[in-house]
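A short write-up of the structure that comes next.
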Amino acid sequence: MRKQINKVKNWKQFLNENIQNKTIDEYLNQVEYGDYEELTQELYDIISMEGWLVSIEDEFNEEYDREDFEYLTLNLSDEDRNGLITMNEDVVEKFNSFDMKLKERGEYPYDTLDFIDYDNGIVYIIRMI
């Protein structure tokens, strides 16, 4: 009976660790299938200041406003969220790789952008509608 209990404990621990250690592909699935919301004014101001808005306006010779975009917040593991806040080298590298894979899905100027709020451990995905 004790072996059975230990197996259950080990299995639960294994599941919890795997839930915590999300992969880049799991985050990309969130980008693909996540529930997007109307872009906030704060995020719109950020993409304006960062130059992304100007890039797509120049490329497509069209002006865009906040209603042309939507966003979602990635559901990060605790490890990744804390790693972003503490600037853990492995986690930062993971999200650099995530950014590159996200950009591989499209052509410049990309219709989807990731914006990382390191202070709060949040990754926003912003995309054109």
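The values are calculated or read from the model by the stated rules, or taken from the named source; none is laboratory data. On a predicted model such as this, the values are computed, not experimentally measured, just so you know. FYI the Cβ positions are ideal-geometry reconstructions off the backbone, even for glycines, and counts take in every protein chain you see.
Structure data summary
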quantity	calculated
Selection status of residue 57, out of contact with any helix residue (DSSP H, G or I) (no Cβ under 7 Å at 6 or more places or on another chain) and at pLDDT 95 or above	no
Residues of region 103-121 that turn out to be in contact with a strand residue (DSSP E or B) (Cβ under 6 Å, 6 or more places away or on another chain) and either buried (at least 17 other Cβ atoms within 10 Å of the Cβ) or part of a strand (DSSP E or B) (or both), as a count	5
Residue 55 vs. criteria in contact with a Pro (Cβ under 8 Å, 6 or more places away or on another chain) and touching a residue at least 12 places away in the same chain (Cβ under 8 Å)	yes
Test: residue in region 119-129 that is modelled with pLDDT under 95, over 17 Å from residue 27 (Cα atoms) and in contact with a Phe, Trp or Tyr (Cβ under 7 Å, 6 or more places away or on another chain)	yes
Which numbered condition residue 55 fails, given (1) in a loop (DSSP other than H, G, I, E, B); (2) surrounded by 14 or more Cβ atoms within 10 Å (Cβ to Cβ); (3) polar (S, T, N, Q)	(1)
Subset of region 33-48 [loosely packed, with under 10 Cβ neighbours inside 10 Å and assigned to a helix (DSSP H, G or I)]	33, 41, 42
